[in-house]
Structure formats: C-alpha cells, structure tokens
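In what follows, a structure is listed as structure tokens, so that the remarks can point back to it.
Coordinate-derived values only; no laboratory data. Everything numeric here is computed off the predicted structure, so don't read it as measured data. Glycine gets a Cβ as well: all are built from the backbone with ideal geometry, and neighbour counts include every protein chain shown.
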Amino acid sequence: MPRPDQAAPDLDEAVGAGLDRLDTPTGARPASLRRRFVRGFLPPLGALVLLVVIWQILWAAAFWPETTLPAPLDVWAEFVSTINDGSVFGFIWTSVHRAALGFAAGVVIGTPLGILVAKVRVVRAAIGPLLSGLQSLPSVAWVPAAVIWFGINDAAIYFVVLLGSVPSIANGLVSGIDQIPPILPRVGKVMGAGRFAAARHILLPAALPGFLAGLKQGWAFSWRSLMAAELIARSPSLGVGLGTYLNDGSSYNSMPKVIAAIFLILFVGVAIELIVFRPLERSVLRARGLTTSL
Amino acid sequence: MTSTLARPVTAAVHLDRVGKVFGSGGGAVTALDGVDLTVEPGEFVCLLGASGCGKSTLLNLVAGLDQPSAGEITLTTSRPAVMFQEAALMPWLTASRNVELPLRLAGFGRSERREKAAELLDLVRLSDAARKRPHELSGGMRQRVALARALAATHRVGGDDGNALLLMDEPFAALDAITRDVLQSELLRVWRSTGTSVLFVTHDVREAVRLGQRVVLLSSRPGRVVREWHDVPSADAELLADEITADLRKVISTHAPS
C-alpha cells in the first residue's frame, strides 16, 4: 500500500496549511477606545452621581443634625480649601510614599518567603498556616505593639505596613506556584533546566498571574495598615499623612473634614489600583489568553 | 552531520533487562519486567501496547525522569528530547521563544538561538506563526511547535547533535483524525530530513504501522516485550495492522477475570 505522505506530498502540504487556517482560533477584535470609555468609565461615574444625589436628599430632609451628616457642598468646600492651600498634596505624598516604600519592602521579603513556602515542604508545614492566619489578622492589631517596641516613629509605621503586606504577597506567590500545571516543570526537567534556571524561566513566569493577584492584595493591605497606623500613631515628627488628617477631623469634630479624608483615602487606593495594577494584570492575562472580558 | 562518521556506531538507546517496580511490599506493582530494547541511530521505533503496559513508564525512564528498579539504560546522547501528549508550551512565550527556551537552557547565545529557532519553525512550516502565543494557535500547530522545541532540545553547544534521540509519548492522541493524519506525515518528513532517532509510544496500531520502521508490542502488567515486527514500511500496511491488532487483542484478553 502506498503511504499517503509519499504519494502526494503537495496535497499533504495544502491540507496542512488549510487545517492551520481553519483551526486557528479567531480572537475578537479589541473594542474601540470610545466603547471602552463608555463601558468602563460611565457606570462607576453614574453610581457616584447617584450616591451624591441620595446624600443631598438625605441632607435636605434633615433627618440628622448638620454635625452628623454635612452637606455634600460643605465637604467639597473643605476639599477645595485643602487644594487651595496645597496641603492635600502634602498629605497624599506623605502617605503614598510611605505605603510605596513599605510595599516595596514587602515585595522584597514576601517573594523569597513565598518561594520557600511553596517549594520546601518543611517550611510550608511550619509557617504556611501562620502565614494564612496573619492574612486575616487586621494589622491594626500590631499598632500598640509596634509603638511599644519602636516608639512613635517611622519604624513603627513600616513594621505595621510590612506585617499587613508580606503575608498577602507571599500567599499570592504560593497559590500562583501551586496552580502551575505539573507538565510545565516536567518539560523544564527534560530540557535540562537546573533548580535556578527552572525557577527563573518556568516557575516564576508561570506563577505570575497568581503572584500579581497577591501583589494587588498586598498593596491594598499596605494601604489599609498604613492608614490604621497613621490614625493611631501620631507625632509631629511623623508629618501629616491622610490618616493623620482624618484623625484631625475627628479631633476637631469637623464632619466635612472626616468625610473629605475618607474620600481621599478611598480615591488614592482606587487610583493606584487603576493606574498600576489593572494595566499590569490586564497585559499579563491577555498575553496568556486568559481573558476576553477585561 | 560529519561528526557521526567519526564515532563508533552504537545504539541511540539500549535497554538491558530493564525493570520498574512502583511501591514496595504487598502493594508493589511491577510496571516493567526484563525489557530489552535497542534503537539504532536514525531508527524510528514504535512502542505499542494497551493501557497499563508501562509504555509511558519506559519513556520516563529513558528520559531520565525516573530511575529503573533493575537493569540498565545506555544512551549515546547526553539528554534525549521528549514530546508529551499535551504540547505543554509555555503560555507566556511566543512560538519562537518557546523553541528558543531549550537552546537558552543549553547556553546558546541570543543570535544563534534566534537563527536556530527560525530554522526549526520553518522545518515544521510555522514561520508565519513565530510571533504568536500558544493560545492563538490550533492544537495541531501547538504540537508542531512542541516538535520544533523538542528538536531544539537535541542541539548542543559545540554543534554535535548527530546522535539526537526524540522520545514521543502519544503526541497525537489528543488531536482530531485529520490533524493527526497531517501531523503523522509531517513527523515522517521531519524525521527523514533530520536523521533523528525516534522512540514513539502509542496505543494506536495504525499509527504504529504508518510511522515505525520497527514496531514493538508490549504486554500489560508487567510490561514485557511480546513481539517485534521489523521492516514495517515494506510490509502491506493493512495486513500487518490486522496481524498486530490480533496479537494486541490476545494480550488484552489474558487480563480478563477468569
């Protein structure tokens, strides 16, 4: 019997090329900029407007005294005054650079810790549960201890931020590594990858989506912990961050200031997520074909 | 490949009374028992057997992923290349970067990697897909990238890849019939143009008859070599397939509960 591949190589090539053409997945075209704006930006804006409208109605109905529920316009005026005297940029800078430094230190500590927990069985058995437990412990609980150990200074604040971010970052990396299909390290092994080459070329890039999720959560926890620390540990030497500003509002019994501070804290957290983490996550997931909706 | 002429002609891989037992004591399972097998340089051998015959175990042993419990395995190549049933490409790398990965691990420089990867992708007719990522390719195309990557893994710095050995563990089993058919002929074409030795594991008799120069039938639990067919390409494919199928059925029927 003649073998088909010997009989008609030309036809075979054409069949192969045809199959390639037919079987290649066709990706949906990315939506236009305008469409993405309409889909991504308008709904949250609408929700915000609705919130302010309800707030205005509740204020106008005067259910609560002015000192409890200020008018939206009063809060806006407070916000504008901090912009006019430039103080708001100082608050944001103080807090954001602290959170960023703390977060960076958290990445430096959390990454090797995550690799150790994921790959060394004894380490996982020993501190794996502790690490997960720490994740659910509100890091504000560490503030009194930090103040006693370090005094009211930057060290105490960074300590609290680290304890907030490290467990999330390490756990994210652990779950990222755990979710790697076992065939990929096997492929690395048959290609002769040593321990470090395998970690660098296979393990870490394969774990990147999980790691990124951990980083995102780590940032959120850094931010939260920092606000808690700034709110509690106050000293003129520490400068005025957003948490301090919030505390000032509370001390002066100024509800517009308190609400403006809360909005600012929320705004910065969301802005960092949207500017830094969302695009990073999107490009990583898109490169792997893991997303169609983002 | 002038370097092959200089060396004494030895088998690409030689298995001598190889056995493999999993577990110990009462629960021990003998996967392989006294398997003798030789693949000559440039030869295409198909290893055929039903489920549980230890085909994949045998391939893992040759690949160095596992150690035999008995016997000895001799390889002329320092490291055989392996292709699995899944393409197992790195999803974050483009097709050409995937092919470059083993070259990178072997210590090739960047320009040499690029050049070799482009050549290999051309060999599997995927030059146009070099910049695509695995999720943008069809199953058959992914398996061809995996083939190019496996061939890349046979390259050594210094240029001596004359004794390349390719181990294939049912690489086309998950593909649809037409794609499988096309890939089988692609594999034959690539094998002819590279002179690589191939040890190909399959449970499909027709696939074994179509691809192999030699077909080796393994029994199940424990895996032993039952029978070998030489000069497969010169035989009548239909008749031979029927004959081998009959033997395979016989092997399987011995496992019926009595």
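Answer rounded, prolate or oblate for chain A, using the Cα gyration tensor with square roots of eigenvalues a ≥ b ≥ c: rounded when a/c is under 1.5, else prolate when a/b is larger than b/c, else oblate.
Working: a/c = 3.53, a/b = 1.63, b/c = 2.16.
Judged from the Cα gyration tensor, chain A comes out oblate (a/c at least 1.5, b/c at or above a/b).
Taking H placed 1.01 Å from N in the peptide plane, check which residues at least 5 places from B:Ala31 or on another chain put their amide H under 5 Å from its amide H.
B:Lys20, B:Val21, B:Phe22
With a ≥ b ≥ c the root eigenvalues of the C-alpha gyration tensor of the stretch B:191-248, is it rounded (a/c under 1.5), prolate (a/b larger than b/c) or oblate?
Details: a/c = 2.18, a/b = 1.28, b/c = 1.70.
In terms of gyration-tensor shape, oblate.
Under a 10 Å cutoff between Cα atoms, tell me which one of A:Ala193, A:Ala213, A:Ala105 has the largest fluctuation in the Gaussian network model of chain A.
A:Ala193
Would you mind computing, in nm to one decimal, how far apart the modelled labels at A:Ser237 and A:Ala141 are, each placed 7 Å from Cα along Cα→Cβ?
A separation of 2.9 nm, rounded to one decimal place.
How far apart, in nanometres, would the label points at A:Ser283 and B:Thr245 be if each is projected 7 angstrom from Cα along the Cα-to-Cβ direction?
5.5 nm
How high is the FRET efficiency between A:Glu273 and B:Ser51 when r is their beta carbon distance and R₀ equals 56 Å, given to the nearest 0.05?
For A:Glu273 and B:Ser51, the calculated efficiency is 0.65.
Where Lys and Arg each count +1 and Asp and Glu each count -1, what net charge lies around A:Glu66 among other residues with Cβ under 14 Å from its Cβ?
Numbers: positive: A:Lys257; negative: A:Asp74, A:Glu78.
Net charge around A:Glu66: -1.
Scan the stretch A:100-154 for chymotrypsin sites (Phe, Trp or Tyr not before Pro) in coil per DSSP, keeping those whose Cβ has at most 16 other Cβ atoms within 10 Å, and list them by number. Numbers along the way, then the final one.
Details: sites: A:Phe103, A:Trp142, A:Trp149, A:Phe150; in loops: none.
Taking the stretch A:100-154 and a limit of 16 other Cβ atoms within 10 Å, no loop chymotrypsin sites (Phe, Trp or Tyr not before Pro) are found.
Roughly speaking, what is the stretch gain from B:Ile252 to B:Val157, that is 0.36 nm per residue apart minus the C-alpha to C-alpha distance, in nm to one decimal?
Details: separation 95, 0.36 × 95 = 34.20 nm, distance 4.54 nm.
Length difference between fully extended and current span is 29.7 nm.
Show me, for the stretch A:206-216, the HN-Hα J-couplings you get by feeding each phi into the Karplus relation (A = 6.51, B = -1.76, C = 1.60, θ = phi - 60°), rounded to Hz, glycine and proline as x.
5, 8, 4, x, x, 4, 4, 4, x, 4, 4
Cut-off 17 Å, label point 7 angstrom out along Cα-to-Cβ of A:Arg200: give me the residues of the stretch A:96-116 whose amide nitrogen falls inside.
Once the point is set 7 Å along Cα→Cβ of A:Arg200, A:112 turn out to lie under 17 Å by backbone N, inside the stretch A:96-116.
So if each residue of separation counts as 0.36 nm, and I subtract the Cα-Cα distance between A:Ser87 and A:Phe41, what length gain in nm does that give?
On the way: separation 46, 0.36 × 46 = 16.56 nm, distance 2.87 nm.
That works out to 13.7 nm of additional length.
If you put +1 on each Lys and Arg Cβ and -1 on each Asp and Glu Cβ, how big is the dipole of the protein assembly as shown around its Cα centre, in Debye rounded to 20? Could the numbers behind the result be given before it?
On the way: 53 positive and 47 negative charges, 203 e Å.
Charge dipole of the protein assembly as shown: 980 debye, to the nearest 20.
Apply the Karplus curve 6.51 cos²θ - 1.76 cosθ + 1.60, θ = phi - 60°, to the phi angles in the stretch A:59-74 and return the couplings in whole Hz, x for Gly and Pro.
Working through the residues one at a time gives 5, 5, 6, 6, 5, 10, x, 4, 6, 8, 10, x, 6, x, 5, 5 Hz.
What do you get for Rg/Rh of the protein assembly as shown when both radii come from the Cα atoms and Rh is the Kirkwood radius?
Values: Rg = 31.9 Å, Rh = 28.3 Å.
That ratio is 1.13, to two decimals.
Can you sort B:His203, B:His155, B:His230 so the residue with the fewest Cβ neighbours within 10 Å comes first? Display every interim value, and only then the final one.
On the way: B:His203 16, B:His155 20, B:His230 9.
Ordered from fewest to most neighbouring Cβ atoms within 10 Å, B:His203, B:His155, B:His230 come out as B:His230, B:His203, B:His155.
Rounded, prolate or oblate: pick one for the stretch B:71-121, where a ≥ b ≥ c are the square roots of the eigenvalues of its C-alpha gyration tensor, a/c under 1.5 means rounded, and failing that, prolate if a/b is larger than b/c, else oblate.
Working: a/c = 2.66, a/b = 1.47, b/c = 1.81.
Since a/c reaches 1.5 but b/c is at least a/b, the shape of the stretch B:71-121 is classed as oblate.
Starting at the first residue of the stretch A:134-146, write each ³J(HN,Hα) from the Karplus equation 6.51 cos²θ - 1.76 cosθ + 1.60 with θ = phi - 60°, in whole Hz, x for Gly and Pro.
Rounded to whole hertz, the list is 4, 4, 9, 7, x, 6, 4, 4, 7, 4, x, 4, 4.
Over chain B, with a Gaussian network built from C-alpha contacts below 10 Å, which listed residue (B:Gly27, B:Gly140, B:Gly109) shows the highest mean-square fluctuation?
Answer for the Gaussian network model of chain B: B:Gly27.
In whole angstrom, how long is each semi-axis of the equivalent ellipsoid of the stretch B:117-258, when you take the square root of 5 times every eigenvalue of its Cα gyration tensor and sort them from largest down? Please report the intermediate quantities before stating the final value.
Working: eigenvalues 197, 61, 42 Å².
Each semi-axis is √(5λ); the values are 31, 18, 15 Å.
State the percent of C-alpha pairs, over all pairs in chain B, separated by a distance greater than 33 angstrom. Could the numbers behind the result be given before it?
Values: 6868 of 33153 pairs.
In whole percent, the long-distance tail amounts to 21.
Taking H placed 1.01 Å from N in the peptide plane, check which residues at least 5 places from B:Arg227 or on another chain put their amide H under 5 Å from its amide H.
B:Leu217
Collect residues whose amide H, placed 1.01 Å from N in the peptide plane, falls under 5 Å from the amide H of A:Ala193; neighbours closer than 5 in sequence don't count.
none
Grab the other residues whose beta carbon is less than 10 angstrom from that of B:Gly223, score K and R as +1, D and E as -1, and report the net.
Numbers: positive: B:Lys20, B:Lys55, B:Arg221, B:Arg224; negative: B:Asp33.
Once positives and negatives cancel, what remains is +3.
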